[in-house]
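Colleague: The structure that follows is given in the form of structure tokens.
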Amino acid sequence: MMRHHNQTVRTFFHSLLVAVVVAAGLLVFRRFTWGAGFAIGSALSLFSLLSLRLAIPNLFYKGAPKYSSGLLQLLLLMKLPIYAIGLYFATRMGSAAAFAAFLGCCLVPGIISIGTIAKAFIESNRTLKSLHAVHAPVTLAPEVEDLNRRVAVIKAGAQEPAALPIQAPAIR
């Protein structure tokens, strides 16, 4: 579960970075309607990812009630007015902003697809796979090192030969 959480957070921040860079680039090149439309669409896309990231683990867990799927449907239905308001503003700015909003809405699925393709490409190439596999050495917390030292002392004490008890003469 932790791996999926990290992937979702990484996807969110990569999408946010791309959204900011593209929207700022459009504003720098004086494409204000395109920039505003893309910002609206990417905000809706990021909102969708974030709301699902929060809703799924909180609704579907081991021992969850049977009405969890109904609550998810209700949540998805309650998100529709937010999408409608965002797309209303994008279409009121003109067709260029509406098209840019469409591209912004495709941002998170695009980032997920690009990440998947890049991961598959790295896994299929031996050189890239070996470069990707190099990680920094793991450092242990002092508590763990202390615990390892105690275990080593206990193991060393267990390996010493035990003194044999004095044999008593056999009773006849």
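Colleague: Specify the residue that is modelled with the highest pLDDT; the eligible residues are those in the range 118-150 that are of a type in the set (A, V, I, L, M, F, W, C) and loosely packed, with under 10 Cβ neighbours inside 10 Å.
Modeller: Top of the filtered list is Ala141.
Colleague: A further question follows. On the given criteria, is Gly37 small (Gly, Ala, Ser), surrounded by 12 or more Cβ atoms within 10 Å (Cβ to Cβ) and on the phi < 0 side of the Ramachandran plot?
Modeller: So Gly37 passes the test.
Colleague: Quick one: would you say Leu77 is surrounded by fewer than 15 Cβ atoms within 10 Å (Cβ to Cβ) and touching a helix residue (DSSP H, G or I) at 6+ places or on another chain (Cβ under 6 Å)?
Modeller: No, not satisfied.
Colleague: Out of curiosity, is Ser42 modelled with pLDDT of 95 or more and surrounded by 15 or more Cβ atoms within 10 Å (Cβ to Cβ)?
Modeller: In short, yes.
Colleague: Still on this structure, please answer the following. Can you tell me which of (1) under 23 Å from the mean Cα position of the chain (by Cα); (2) free of Cβ contacts under 8 Å to residues at least 60 places away in the same chain is the one Cys106 doesn't meet?
Modeller: Of (1) under 23 Å from the mean Cα position of the chain (by Cα); (2) free of Cβ contacts under 8 Å to residues at least 60 places away in the same chain, only one is false for Cys106: (2).
Colleague: Also, quick follow-up: Considering only residues that are more than 19 Å from Gly104 (Cβ to Cβ), part of a helix (DSSP H, G or I) and touching a Ser or Thr at 6+ places or on another chain (Cβ under 8 Å), which ones fall in the range 47-85?
Modeller: Listed by number, the residues that qualify are Leu59, Leu75.
Colleague: Where the second residue is modelled with pLDDT under 90 and the first is aliphatic (A, V, I, L, M) and lies in the range 2-28, which pairs have Cβ atoms under 9 Å and are six or more apart or on separate chains?
Modeller: Val9/Arg53
Colleague: Just need a number here: residues in the range 18-58 that are farther than 22 Å from Ile114 by Cβ and of a type in the set (D, E, K, R).
Modeller: Total satisfying the criteria: 2.
Colleague: Closer than 14 Å to Ile111 by Cβ, modelled with pLDDT of 90 or more and of a type in the set (Gly, Ala, Ser): does that describe Ala23?
Modeller: No, not satisfied.
The values are calculated or read from the model by the stated rules, or taken from the named source; none is laboratory data. Computed from a prediction, not measured in an experiment: that's the story for all the values here. In this analysis, Cβ positions are derived from the backbone assuming ideal geometry, glycine residues included, and neighbour counts consider all displayed protein chains.
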